[in-house]
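The values are calculated or read from the model by the stated rules, or taken from the named source; none is laboratory data. As the structure is a computational prediction, the values presented were derived from the model and not from experiment. In this analysis, Cβ positions are derived from the backbone assuming ideal geometry, glycine residues included, and neighbour counts consider all displayed protein chains.
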Amino acid sequence: MNDKIKQFAKEIVENISNKIKESSLTSFHRFGSNTGLGADGTVTKYIDKLAEDVAVEMINTSDIKVNLLSEEIGFIDNNAKYTFVLDPVDGTRNAYRGIPFYAVSLAIGKKSIKDVEFGIVKNIPTGNIYSAEKKVGAFFNNKKLVVPDVPDKQLLSSLSLGKNSDPVTLDLAKKEKIRSLGSASLEMCMVAKGALDFYVVGREYIRVFDIAASTLILREAGGFVKNILGKELDMAFDLGERSSVVAACNMDLVERIVSL
């Protein structure tokens, strides 16, 4: 992949992060206000529109031509080889409620998750950056990232609970020490880092821009990303597609979870 495209992606992520931080000083009270409906039919919050507008403007004014698939605006076809799959703010509710766990996520690919070549996830409040390049590896703040060979003796997981729970996640919640953190991209990166041993969304709920970057990051770190049936997770660059997720540091955990 052209280094200029990767650098452009990094600049978009950085500019979105900076814009949100700057705006939080004067406009935090507006972050949770509704501004309409996004392309996927869900309500667009002010903070989502604020972040996405940064990316759209940068892409529209750049000499580097890429397509864009994003939560609010949908698909912008610039007849380019690569598509930027963007979640401008993953963890919107965390962001506008003041919970410091939300991210900007950007993946570069052509048609689906399986052909994503580069991904970057930035935890906006902390500034920590997870990234990966296909067949090169995963990185945390530019240092090589590898999942632990053996999970902790006391397993710690993050599960999708509440209205998005299902029998598998409810069963796991009774047996393990669990968290439910509200940002899929970061939760999967936590598995890559070894902070969590696995992350599960049992329902067909997750959208491609939620996990396109973090799937590459976890796989390049040596982890596994499947659906709840245990099949290799892949999603087309399509806002209408939904998937379950089982992200874990090793296949033993994956098999144990899908067997439920």
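For beta carbons closer than 9 Å, sequence separation of 6+ or different chains, a first residue in the stretch 128-143 that is in contact (Cβ under 8 Å) with a residue 24 or more places away in the chain and at positive phi and a second that is assigned to a strand (DSSP E or B) and surrounded by 17 or more Cβ atoms within 10 Å (Cβ to Cβ), the qualifying pairs are Gly137/Leu145. Residues in the stretch 9-30 that are in contact with a helix residue (DSSP H, G or I) (Cβ under 8 Å, 6 or more places away or on another chain) and farther than 13 Å from Ile47 by Cα were compared, and the one that is surrounded by the most Cβ atoms within 10 Å (Cβ to Cβ) is Ile12. Only one of the listed residues (Leu196, Leu260) is surrounded by fewer than 19 Cβ atoms within 10 Å (Cβ to Cβ) and either in contact with a helix residue (DSSP H, G or I) (Cβ under 9 Å, 6 or more places away or on another chain) or assigned to a helix (DSSP H, G or I) (or both). That residue is Leu260. Quick check on the stretch 137-173: of everything there that is modelled with pLDDT of 90 or more and in a helix (DSSP H, G or I), which residue is surrounded by the most Cβ atoms within 10 Å (Cβ to Cβ)? Only one residue tops the list, namely Thr169. None of Gly240, Gly230, Gly222 is on the phi > 0 side of the Ramachandran plot and either of a type in the set (Ser, Thr, Tyr) or in contact (Cβ under 8 Å) with a residue 60 or more places away in the chain (or both) except Gly222.
Scan the stretch 53-64 and tell me whether some residue there is at pLDDT 95 or above, closer than 15 Å to Ile16 by Cβ and part of a loop (DSSP other than H, G, I, E, B). Yes, because at least one residue in the stretch 53-64 is at pLDDT 95 or above, closer than 15 Å to Ile16 by Cβ and part of a loop (DSSP other than H, G, I, E, B). Among the numbered conditions (1) of a type in the set (D, E, K, R); (2) over 17 Å from the mean Cα position of the chain (by Cα); (3) closer than 21 Å to Ser183 by Cβ, the only one that Arg93 does not meet is (2).
The set of residues in the stretch 1-33 being of a type outside the set (Phe, Trp, Tyr), touching a residue at least 12 places away in the same chain (Cβ under 8 Å) and not in a helix (DSSP H, G or I) consists of Met1, Gly32, Ser33.
Suppose we filter Ser185, Ser131 for residues that are at pLDDT 95 or above, closer than 23 Å to Ser243 by Cα and assigned to a helix (DSSP H, G or I); which single one remains? Of the residues listed, the single one that is at pLDDT 95 or above, closer than 23 Å to Ser243 by Cα and assigned to a helix (DSSP H, G or I) is Ser185.
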